[in-house]
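The values are calculated or read from the model by the stated rules, or taken from the named source; none is laboratory data. None of these values were measured; they are calculated from a predicted model. Here the Cβ is made from the backbone with ideal geometry for all residues, glycine too, and neighbour counts use every protein chain on show.
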Amino acid sequence: MSTGKKLIIASVIVVAVSSIVGYSIFARNRGVVTVQAGSAVRQDLTQTVSANGEIKPKSSVNVSSNMMGRITRLPVKEGDRVKTGDLLVQLESIQTEADVRAAEASLEGAQSELEGMSASIRSAEATVTSAKAEITRSEADLVRAKQNFDRAEQMSKEGLIAKEAFERTRADYDISAATLNSAKARLAQAEAQYAQSLKQRDSTATRIAQQRSGLVRARDLFSKTTIRSTLDGIITYLPVNEGEIAIVGIQNSPGTTLMTIADMSVITAEVKVDETDIVNVKLGQEARIKVDALGDRMLMGQVTEVGNSALNRTSGTASVGGTATQEAKDFKVVVTLDEPPPELRPGLSCTATILTATRQQILTAPIQALTIREFDAADPAPGSKKKVEKEGVFVLKNGVAFFRAVKTGITGTTDIEILDGLVEGDQLVTGPYQVLRTLKDNTRIKIEKTP
C-alpha cells in the first residue's frame with residue numbers, strides 16, 4: 001500500500017473518531033443549562049432604608065415687624081450668631097417716642113388732678129360734719145326756745161307776764177326754728193357738694209385708667225420699633241438693608257421678612273422616604289447621615305418624626321385625604337443629629353441611611369436567587385384554573401436544579417433572611433437573570449466557572 005493511501009485512511013479514521021467523540025459530548029450535554037451559583041450561609045444582616053433630603057434646624061423664626069417704619073439701624077449681618085435679647089433691627093421712633101411722652105404727661109396731670117380732688121372731698125366731708133353739728137345745736141336751741149315759749153304762753157294766759165316779754169319769747173322760738181331750717185339747708189348743700197366731689201373723683205379715676213391704657217399702648221408701639229432676638233441661633237437669611245421700609249402684613253398680603261434666625265443647637269435631616277419603605281421606619285431608629293458638603297464623613301442620628309401624610313412627589317405638598325392619584329408618593333421623616341458639627345448650614349443636601357432592623361447570625365441567601373413560580377391551586381373550585389404564586393429558590397443537588405418555596409424575612413443590601421425552606425450550605429442558582437427567569441424545576445445544570 002502506498003504512502004498516500006495510508007495518509008487518506010488515517011485521516012478518515014481521525015475524522016470518524018472525532019465525530020464520535022463530539023457526538024457523545026453533545027448528547028451528554030443536551031438539555032444542560034449553564035448557571036451561576038451561590039450558597040445559603042449564616043451571617044449578621046442589617047436592613048436599611050435610604051432617602052435623600054436636606055439639613056434643617058429643629059426650630060427657626062422669620063423675623064418681621066409689627067409696625068411700619070424705616071430701618072435706622074441694622075447691627076447684624078447674615079451668618080452672625082445672636083443670643084436671646086440681642087438687638088436685631090431699630091426702626092424710626094421719633095413719633096412713637098413723642099406719643100409716649102405725651103401720654104406720660106397727660107397721666108401725670110390727671111393724677112395731680114385726682115390728688116386735688118381728694119383734698120376737695122376731705123373739705124366737703126368736713127363741711128358736712130360741721131353742718132350736722134350745727135343742726136344738732138340748732139335743734140337743742142329750738143327745744144329750749146319751745147320750752148320758754150310754752151311757759152311764757154301759760155304765764156300770759158294767767159296775766160303773770162307782760163305782753164312784750166311774751167312776744168320776745170315767741171320771736172326767739174321762731175328764730176330758733178328758722179335757724180334749724182337754715183342748718184338743714186346748709187347740710188343738704190354740703191352733702192350735694194360732697195356727692196359731686198365723689199363723682200368728679202370717679203370720673204377722674206376713669207380718665208386716669210383710660211390715659212394709663214393709652215400710655216401702655218404708646219409704650220407698646222414704641223417698643224415695637226426695637227426688634228430683639230427671641231432665641232439663640234444663627235442669622236441664615238437677611239434680605240433688608242438700613243434705610244429700607246419695613247412693611248406690616250395685612251390679611252392675605254405678607255409683610256416684610258426682615259431676617260431668618262435658625263436655632264442650630266438642634267439640627268435635623270429632613271428626608272423623603274418612599275411609600276414602599278415607610279412602613280419599616282419607626283421612631284428611635286438609628287440613622288447614618290452623609291452630607292454632600294462634608295465628603296465621606298458620616299454623622300449619626302435618631303429618627304424623631306415620621307410623617308403620617310403622603311407628599312406628592314412633584315409638588316412636595318401633603319396630599320388631601322380621599323384624593324385618588326396614581327402618582328408615587330413620599331413620606332417626611334426627620335432624623336435628629338446626635339453631634340452636629342459647627343460647619344453645617346441649613347439647606348445642605350444629605351442622604352440618610354436608616355437602620356430599620358438587625359439580625360445576628362441568621363440564615364441568608366443572595367437576593368438574586370429569589371424567583372417566583374406559578375402552581376395549580378391546592379383546592380381549586382370545579383372548572384377553575386386558578387394559579388397561585390410561590391416565592392422560592394432553585395436548589396442545586398447532583399447537577400440538577402430543584403425549585404423550593406421559601407419564607408423570607410428582612411432584606412439587606414445583597415442578601416435576604418430565610419425563615420423557612422433552606423438549610424445552611426444549600427447551593428442555590430443565582431443567575432444569570434434571563435436563565436433564572438425561565439428555569440424549570442428538575443433541570444440539569446452546569447455551574448459557570450468564575451473567570
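Do you know which residues across the stretch 189-244 are aromatic (Phe, Trp, Tyr) and farther than 29 Å from Asp80 by Cβ?
Tyr194
Listed here are the residues, each with its yes/no results for (1) among the acidic types (Asp, Glu); (2) out of contact with any Gly (no Cβ under 9 Å at 6 or more places or on another chain); (3) modelled with pLDDT under 90.
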{"site": "Cys350", "(1), (2), (3)": "no, no, no"}
{"site": "Gln361", "(1), (2), (3)": "no, yes, no"}
{"site": "Gln368", "(1), (2), (3)": "no, no, no"}
{"site": "Thr371", "(1), (2), (3)": "no, no, no"}
{"site": "Glu374", "(1), (2), (3)": "yes, yes, yes"}
{"site": "Lys385", "(1), (2), (3)": "no, yes, yes"}
{"site": "Glu391", "(1), (2), (3)": "yes, yes, no"}
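Could you list all residues from the stretch 409-421 that are touching a Ser or Thr at 6+ places or on another chain (Cβ under 8 Å) and not in a strand (DSSP E or B)?
Gly412, Thr413
Given the condition at positive phi, without any contact (Cβ under 8 Å) to a residue 12 or more places away in the chain and not assigned by TED's automatic domain parsing to the domain that holds Ala328, answer yes or no: does some residue in the stretch 286-302 qualify?
Within the stretch 286-302 (the criterion being at positive phi, without any contact (Cβ under 8 Å) to a residue 12 or more places away in the chain and not assigned by TED's automatic domain parsing to the domain that holds Ala328), the answer is no, since none of the residues qualifies.
With the condition kept exactly as written, say whether any residue in the stretch 181-191 is part of a helix (DSSP H, G or I), within 30 Å of Thr127 (Cβ to Cβ) and in contact (Cβ under 8 Å) with a residue 60 or more places away in the chain.
For the stretch 181-191, residues part of a helix (DSSP H, G or I), within 30 Å of Thr127 (Cβ to Cβ) and in contact (Cβ under 8 Å) with a residue 60 or more places away in the chain: present.
Does the stretch 388-439 hold any residues that are among the polar types (S, T, N, Q), over 13 Å from Gln36 (Cα atoms) and either crowded, with 16+ Cβ neighbours inside 10 Å or in contact with a strand residue (DSSP E or B) (Cβ under 9 Å, 6 or more places away or on another chain) (or both), and which are they?
Across the stretch 388-439, the qualifying residues are Thr408, Thr411, Thr413, Thr414.
Could you list all residues from the stretch 147-165 that are under 16 Å from Ile175 (Cα atoms) and either under 60 Å from the mean Cα position of the chain (by Cα) or exposed (fewer than 14 other Cβ atoms within 10 Å of the Cβ) (or both)?
Within the stretch 147-165, Gln147, Asp150, Ala165 meet the criteria.
Return only the number of the condition from (1) at pLDDT 90 or above; (2) assigned to a strand (DSSP E or B) that Glu424 does not satisfy.
(2)
Please state which one of Pro346, Pro380 is surrounded by 12 or more Cβ atoms within 10 Å (Cβ to Cβ), modelled with pLDDT under 90, assigned to a loop (DSSP other than H, G, I, E, B) and not assigned by TED's automatic domain parsing to the domain that holds Lys272.
From the options Pro346, Pro380, the qualifying one is Pro380.
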